[in-house]
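The structure under discussion appears below in the form of structure tokens.
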Amino acid sequence: MRRYELVIVGGGPAGLAAAIAAADRGARNILLLERDQYLGGILNQCIHPGFGLQYFREELTGPEYAARFIAELPKYPQIEISRRSFAVKVTARKEITYLKPGCCETIKAGAVIMATGCRERTREMIHIPGDRPAGVFSAGLAQKLLNIEGLLPGKEVVIIGSGDIGLIMARRLTLEGARVKAVLEIQEKSAGLTRNVVQCLEDFNIPLYLRHQVLKISGRGRVAGVTVLNMQENKTFELACDTVLVSVGLLPERDIFADLSGLPGLFVCGNADKVYDLVDNVTRDSKKTGFLAVEYLRSKNAE
Amino acid sequence: MIYDILIIGGGVTGTAVARELSRYQLSIALLEKEAELAFGVSKSNSGIVHPGTQNPPDSLKGRLCVRGNKLLRGLSREIGVYFKQVGELIIITTAADLPRLQKLLSDGRKLGVRGLRIVDRKWLAKNEPNLSSAVPYALYAPTAGIISPYRLVYDLAENAAANGVEIFTDQLVTGVKKGRGFIVETTRRKFEARFMVNAAGLYADEVAALYGAADFKITPRKGEEYLLDKKRENLTRHIIFPLPTDKGKGMLVIKTSDGNPMIGPTAEDIEDKTDLSTTAEGFRKVTDSVREMAPCLDTRDIIAYFAGLRPVSGADFIIRAETALPGIVTVAGIQSPGLTASPAIAEYVVRLLRKAGLNLRRKKHFQKYRPATSHLFASSVRRIRGLLERDPSYGDIVCRCELVSAREIREAVRRGARTMDGVKFRTRAQAGRCHGGFCTTRIMKIIAEELKLPLTAVTKKGAGSELVTGDRRAPV
Ligand SMILES: Cc1cc2nc3c(=O)[nH]c(=O)nc-3n(C[C@H](O)[C@H](O)[C@H](O)COP(=O)(O)OP(=O)(O)OC[C@H]3O[C@@H](n4cnc5c(N)ncnc54)[C@H](O)[C@@H]3O)c2cc1C
Ligand SMILES: Cc1cc2nc3c(=O)[nH]c(=O)nc-3n(C[C@H](O)[C@H](O)[C@H](O)COP(=O)(O)OP(=O)(O)OC[C@H]3O[C@@H](n4cnc5c(N)ncnc54)[C@H](O)[C@@H]3O)c2cc1C
């Protein structure tokens, strides 16, 4: 079984920052496993500006922000990158099994950092009843379809929930010629950053309905519309649309290490630890995690 | 060409009949109106292989259910579909209902259900700890099992096809005329055959009307079901039923072959045969009544839901040779336990066809076995290594929630998947917690590549359910 001092699972901004920080502190052999064929994680689909204002004091897009870290990697021969490598199992003995094309390997790690990011909450998790037609997407999936694949998810769009990804997608879809008819939010205020409400909705005259609940999604083949309850006036109305985006929050992706919380030498950073609004803070905190992992390895060696 | 037999309907009934007939020297075609098989009633049900209790002892469906339960065990081995015997408990909440349980026991025994017995609180506390302690007795039926309903259909169809059955999808039957045999018109072409089996599920009445047998009507009875996260696999050890009523078997705690527990179904008579919507009311009914049986239910564990429509026509199955139109067998009103009964229904239909004059000669080289499809999620690390040696793309993971590789998805398309739902039913990709958030684009690309379609033509479940509305990369 191959051994590494440190294994990092996930090559998004969190994993990248942790790897570089650990190498800077003296870790000598690090393996970074990334499921995708590209490093950068979710940043690759965030082609809008607004990243790096704190960390680099300039305004970058998501891919540009990630590229700053990826460009550093050649300076670190001690960091081995394994792409298209999906970690399927982590044990209490810090043995990690991963799959990649043509290979299923188990490796042993001195310390492990989980930087697996998050996933989006779905329509099903908030129990919206009705039909199950094509055209219901999580906001992040719509972002990926449009920004990575160049595919337009729909033409007449209603967005459920006012999380940041939903707000950003409202603007993005409008720029691509789709009509965003409404952003519906059950709470009294938007879940997103104020700058996104202003720049993504108000600047484009996209209505944000607060205290509005979606009661039903209708449509047999493709989405035909939604039934909405105005909670203040207790009135319902219909909105016709061919697409529904769901932007109702993110959940840390911790399934493969859910049973290992508190295990000495297992660290978690980035969105896998808690959901961050700003990637700059992910970088800051994940560097600390990289340092902590090296400290752990040193203290273990001292024993 | 004139087929010996045409089967209308590619659900579990039609495909079971096709597979049974494929033992004989016959030319057979199966016609399905949807883009894929199993897109009717057979995709949305509880997946329970019923033991045969809860049916009147003199009913056809009771007899066929008990026989089907027996046959499915061997059949599942032959065609490589996963079947597991888990046992069921029919519970009562007051000891005063004990006589009703005893009636079910004696009815079941009359039907030949094996192993039935009444168990008490002590047995329940030990063997079903999450069950409400208010349950004094239950009827235990050890022969109840679980199976994946759509994979059963796909595997039956694949084995039937390997034995020569021709399968046509996207073929809505619109007319039946009398020729030398029967001329069946679809939206695309004509088929001719000497014999015909109507296994059209919810639409069996409308298809029967095409050949003048308009003496029954099918009413859809909606059942909403709610799936829980696999983490809760051990919510219960058995399938749990309340006492049945005239409306059906009631709301259950179900185990599914993929590990997710499921709760439901409701039973609501409706008009519209295409209404598969779930409702806030259904959600409440299911969760309220299941909480009475399993108080530890947490609705936050619900990861998916759907509704299915039972094709109801009276209390029993209608399976008959049309005497006015020799050569036609009608199979209608196949509500629950139609999935369980399917192999027995197939035997019964073949007997009716023989009586109607169909000449049955066994094939010399009937391929009884179909190698089981490999699923990473059900494989050990050792087995995964073996698969990787066969094809490196078993290591290319597309669906991370359910651990599905590019190879499995490609294979599903090569075996007949045409849509995103078809891939999901066959492989489980998109069926997990994130509901395709990460893997949708990859699956779309594999489907498009394999079927040589533009990405804009990839659908969720057939024409009219295209996933995206435009390709921005296309030259303007
Ligand atoms: C859809 C979406 C849009 C967002 N938009 C913005 C935005 O506009 N602005 C902003 O500041 N923040 C945004 N965020 C927040 C952003 O995710 C974080 O700031 C940052 O990307 C989190 O970094 P991370 O490395 O923790 O996670 P991620 O960037 O998600 O990276 C996790 C990586 O781990 C890999 N991985 C996961 N599991 C495994 C495994 N088992 N084996 C191997 N590899 C694995 C994944 O492939 C991925 O590359 C968005 C988040 C999402 C989900
Ligand atoms: C909520 C629910 C739970 C259930 N639970 C269970 C259970 O746990 N155990 C059990 O044993 N049974 C159960 N059942 C019953 C079981 O699902 C059905 O009995 C069975 O699936 C019926 O199969 P079928 O092939 O007859 O019908 P279908 O699967 O509907 O097949 C008929 C096919 O014919 C096609 N068709 C219709 N009209 C035409 C036409 N004009 N031209 C061409 N094709 C046509 C349809 O598209 C369809 O694919 C349940 C049912 C429901 C609704």
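Amide H neighbours of B:K363 under 5 Å, at least 5 residues apart or on other chains, H built in the peptide plane: list them.
Here B:Y24, B:Q25 satisfy the definition.
Which ³J(HN,Hα) values, rounded to whole Hz and listed in residue order, are derived for segment B:396-406 from phi using the Karplus coefficients 6.51, -1.76 and 1.60 in 6.51 cos²θ - 1.76 cosθ + 1.60 with θ = phi - 60°, glycine and proline given as x?
Values per residue, Gly and Pro as x: 9, 7, 9, 9, 7, 5, 10, 6, 10, 8, 4 Hz.
Between segment A:1-50 and segment A:114-153, what is the separation of their alpha carbon centroids in Å?
The two parts, judged by their Cα centres, are 25 Å apart.
Once a ≥ b ≥ c are taken as the square roots of the eigenvalues of the Cα gyration tensor of segment A:1-136, is the result rounded (a/c under 1.5), prolate (a/b larger than b/c) or oblate (a/b not larger than b/c)? Please list the in-between numbers first.
On the way: a/c = 2.31, a/b = 1.23, b/c = 1.88.
Cα axes put segment A:1-136 in the oblate bin.
Taking the alpha-carbon centroid of each part, what is the distance from segment B:7-31 to segment B:155-220 in angstrom?
For segment B:7-31 versus segment B:155-220, the Cα centre distance is 11 Å.
Of B:K84/B:K460; A:K181/B:K452; B:K33/B:K273; B:K230/B:K285; B:K273/B:K424; A:K94/B:K84, which sit over 26 Å apart, Cα to Cα? Write down the numbers at each step before the final one.
On the way: B:K84/B:K460 30 Å; A:K181/B:K452 34 Å; B:K33/B:K273 14 Å; B:K230/B:K285 22 Å; B:K273/B:K424 23 Å; A:K94/B:K84 34 Å.
The pairs that break the limit, which is 26 Å between Cα atoms, are B:K84/B:K460; A:K181/B:K452; A:K94/B:K84.
Near B:P57, within a Cβ-to-Cβ distance under 13 Å, what is the net charge of the other residues, with Lys and Arg +1 and Asp and Glu -1?
Working: positive: B:K61, B:R63, B:K103, B:R109, B:K110; negative: B:D58, B:D107, B:D316.
So the surrounding residues net to +2.
Please label the shape of segment B:259-378 as rounded, prolate or oblate, based on the square roots a ≥ b ≥ c of the eigenvalues of the alpha-carbon gyration tensor (a/c under 1.5 means rounded; beyond that, a/b larger than b/c means prolate, else oblate).
Oblate shape, in that a/c is at least 1.5 and b/c is the bigger or equal ratio.
Name the shape class, rounded, prolate or oblate, that the alpha-carbon gyration tensor gives for the protein assembly as shown, where a ≥ b ≥ c are the square roots of its eigenvalues, rounded holds for a/c under 1.5, and otherwise prolate holds if a/b is larger than b/c and oblate otherwise.
Working: a/c = 1.75, a/b = 1.61, b/c = 1.09.
Taking the square roots of the gyration eigenvalues as a ≥ b ≥ c, the protein assembly as shown is prolate.
Restricting to DSSP H runs of at least four residues, report the calculated mean residue ellipticity at 222 nm for chain B, -39500 (n - 2.57) per run over all residues, nearest 500 deg cm²/dmol.
On the way: 12 runs with 143 residues, N = 476.
Theoretical 222 nm ellipticity from helices: -9500 deg cm²/dmol.
May I ask you to give the solvent-accessible area per residue for segment A:16-171, in square angstrom, as obtained with a 1.4 angstrom probe?
Working: 5440 Å² over 156 residues.
About 35 Å² of surface per residue is accessible.
Using a loss threshold of 40 Å², tell me which positions in segment B:440-476 are less accessible in the complex than in their chain alone. Probe radius 1.4 Å, ligands and nucleic acids ignored.
Going by heavy-atom accessible area, the residues of segment B:440-476 that drop by at least 40 Å² are B:T441, B:K460, B:K461, B:L467, B:V468, B:T469, B:R472.
Would you check the accessible area of A:K287, probe 1.4 Å, heavy atoms only, in square angstrom rounded to 10?
Taking all protein chains as shown, A:K287 has close to 70 Å².
I need the chymotrypsin sites (Phe, Trp or Tyr not before Pro) found in segment B:336-405, filtered to DSSP loop residues with at most 16 other beta carbons within 10 Å of theirs.
Numbers: sites: B:Y348, B:F366, B:Y369, B:F377, B:Y394; in loops: B:F366, B:Y369.
Within segment B:336-405, the qualifying chymotrypsin sites (Phe, Trp or Tyr not before Pro) (loop, at most 16 other Cβ atoms within 10 Å) are B:F366, B:Y369.
How large is ³J(HN,Hα), in whole Hz, for each residue of segment B:192-199 in order, when computed from phi with the Karplus curve 6.51 cos²θ - 1.76 cosθ + 1.60 and θ = phi - 60°, using x for Gly and Pro?
Whole-Hz 3J(HN,Hα) from phi for segment B:192-199: 10, 7, 8, 10, 8, 10, 9, 10.
State to the nearest 20 debye the size of the charge dipole of the protein assembly as shown about its Cα centre, where the only charges are +1 on K and R beta carbons and -1 on D and E beta carbons. Please report the intermediate quantities before stating the final value.
On the way: 114 positive and 85 negative charges, 582 e Å.
Around 2800 debye, computed over the protein assembly as shown.
With charges set only on the Cβ (+1 for Lys and Arg, -1 for Asp and Glu), what does the dipole of segment A:126-275 come to about its Cα centre, in debye to the nearest 20? Write down the numbers at each step before the final one.
Details: 16 positive and 16 negative charges, 61 e Å.
Around 300 debye, computed over segment A:126-275.
Using alpha-carbon pairs under 8 Å, 6+ residues apart, how would you state the relative contact order of chain B in percent? Don't skip to the answer; put the middle values down first.
Numbers: 1023 pairs, mean separation 92.4, N = 476.
After rounding, I find 19 percent.
Using a 1.4 angstrom probe, figure out how much accessible area segment B:376-457 has per residue, in square angstrom, rounded to the nearest whole.
Numbers: 3110 Å² over 82 residues.
I get 38 Å² per residue for segment B:376-457.
Along the Cα-to-C-beta direction of B:N359, a point sits 7 Å from the Cα; which residues of segment B:177-208 have their amide N less than 18 Å from that point?
B:180-182, B:193-196
With all protein chains present, how much of the accessible area of segment A:45-144 (probe radius 1.4 Å) comes from carbon and sulfur, to the nearest whole percent?
Working: 1960 of 3840 Å².
Result for segment A:45-144: 51 percent of the exposed heavy-atom area is carbon or sulfur.
Which residue, chosen from A:V183, A:I30, A:L141, occupies the Cα position most advanced towards the positive end of the dipole of chain A, where the dipole is computed from +1 (Lys, Arg) and -1 (Asp, Glu) charges on Cβ about the Cα centre?
In chain A, that residue is A:I30.
May I ask you to list the lysines whose Cα is less than 30 Å away from that of B:K364, ignoring any residue fewer than eight positions away on the same chain?
Correct list for B:K364: B:K70, B:K355.
Once you charge only the Cβ atoms, +1 for Lys and Arg and -1 for Asp and Glu, what is the size of the charge dipole of chain A about its Cα centre, to the nearest 20 debye? Present the calculation step by step, with values, prior to reporting the outcome.
Details: 39 positive and 34 negative charges, 133 e Å.
The dipole magnitude comes to about 640 debye.
Using only atoms on other chains, find how many Cβ atoms lie within 10 Å of each Cβ of peptide A:103-114 and report the average. Could you put the intermediate results ahead of the total?
Working: counts 4, 12, 3, 1, 0, 0, 0, 0, 0, 0, 0, 0.
Mean number of neighbouring Cβ atoms from other chains: 2.
Where does each of B:R414, A:R123 land when they are ordered by accessible area, with a 1.4 Å probe and the largest first? Walk me through the numbers on the way to the answer.
On the way: B:R414 165, A:R123 10 Å².
These residues rank, largest area first, as B:R414, A:R123.
In square angstrom, rounded to the nearest 10, how much accessible surface does B:F283 have for a 1.4 Å probe?
Ignoring ligands and nucleic acids, B:F283 comes out at about 40 Å².
Can you give the local net charge around B:I28? Use residues other than it whose beta-carbon is closer than 9 angstrom to its beta-carbon, Lys and Arg +1, Asp and Glu -1.
Working: positive: none; negative: B:D4, B:E166.
Residues close to B:I28 contribute a combined charge of -2.
In segment A:1-36, which trypsin sites (Lys or Arg not before Pro) fall in coil by DSSP and have 13 or fewer other Cβ atoms within 10 Å? Don't skip to the end; give the middle numbers.
Values: sites: A:R2, A:R3, A:R25, A:R28, A:R35; in loops: A:R2, A:R25, A:R28, A:R35.
The qualifying sites are A:R2, A:R28.
At a probe size of 1.4 Å, how large is the accessible area of A:I126, to the nearest 10 Å²?
60 Å²
Span-like helices, chain A: DSSP H, alpha-carbon axial extent 15 Å or more, mean Kyte-Doolittle 0.0 or greater, which ones? Walk me through the intermediate numbers first.
Details: long enough: A:13-24 (16 Å, 1.28); A:164-175 (17 Å, 0.88); A:279-302 (34 Å, -0.68).
Sorted by number, the helices that extend far enough and score high enough are A:13-24, A:164-175.
Among B:A204, B:H50, B:L276, whose Cα sits farthest toward the positive end of the charge dipole of chain B (+1 at Cβ of Lys/Arg, -1 at Cβ of Asp/Glu, about the Cα centre)?
B:H50
As a test, work out the antiparallel percent of DSSP beta bridges whose residues both lie in segment A:121-249, rounded to the nearest 5. Don't skip to the answer; put the middle values down first.
Details: 12 of 28 bridges.
About 45 percent, rounded to the nearest 5.
Report, by chain and number, residues whose modeled amide H sits under 5 Å from the one on B:I303, excluding near sequence neighbours (fewer than 5 apart, same chain).
B:L227, B:L228, B:D229
Where does the charge balance sit around B:G259 when Lys and Arg score +1, Asp and Glu -1, over other residues with C-beta under 15 Å from its C-beta?
Details: positive: B:K84, B:R151, B:K230, B:K231, B:R232, B:R237, B:K255, B:R428, B:R433; negative: A:D255, B:D229, B:E233, B:D258, B:D301, B:E402.
Surrounding charge for B:G259 is +3.
Work out the charge dipole of segment A:121-249 with +1 on the Cβ of Lys and Arg and -1 on the Cβ of Asp and Glu about the Cα centre, then indicate which of A:G130, A:L245, A:N196 is farthest towards its positive end.
Comparing the listed Cα positions along the dipole, A:G130 ranks first.
Can you give the calculated 222 nm mean residue ellipticity of chain A, where each DSSP H run of n ≥ 4 adds -39,500 (n - 2.57) and the sum is split over every residue, rounded to the nearest 500 deg cm²/dmol? Walk me through the numbers before you get to the answer.
Details: 5 runs with 66 residues, N = 303.
Using -39500 (n - 2.57) per qualifying helix, the result is -7000 deg cm²/dmol.
The values are calculated or read from the model by the stated rules, or taken from the named source; none is laboratory data. From a predicted model like this one, the values you see are computed outputs, not experimental measurements. In this analysis, Cβ positions are derived from the backbone assuming ideal geometry, glycine residues included, and neighbour counts consider all displayed protein chains. Ligands, DNA and RNA are stripped out before the accessible areas are found, and what is left, the full protein with its side chains, is counted by its heavy atoms. Shrake-Rupley method; radii C 1.70, N 1.55, O 1.52, S 1.80 Å.
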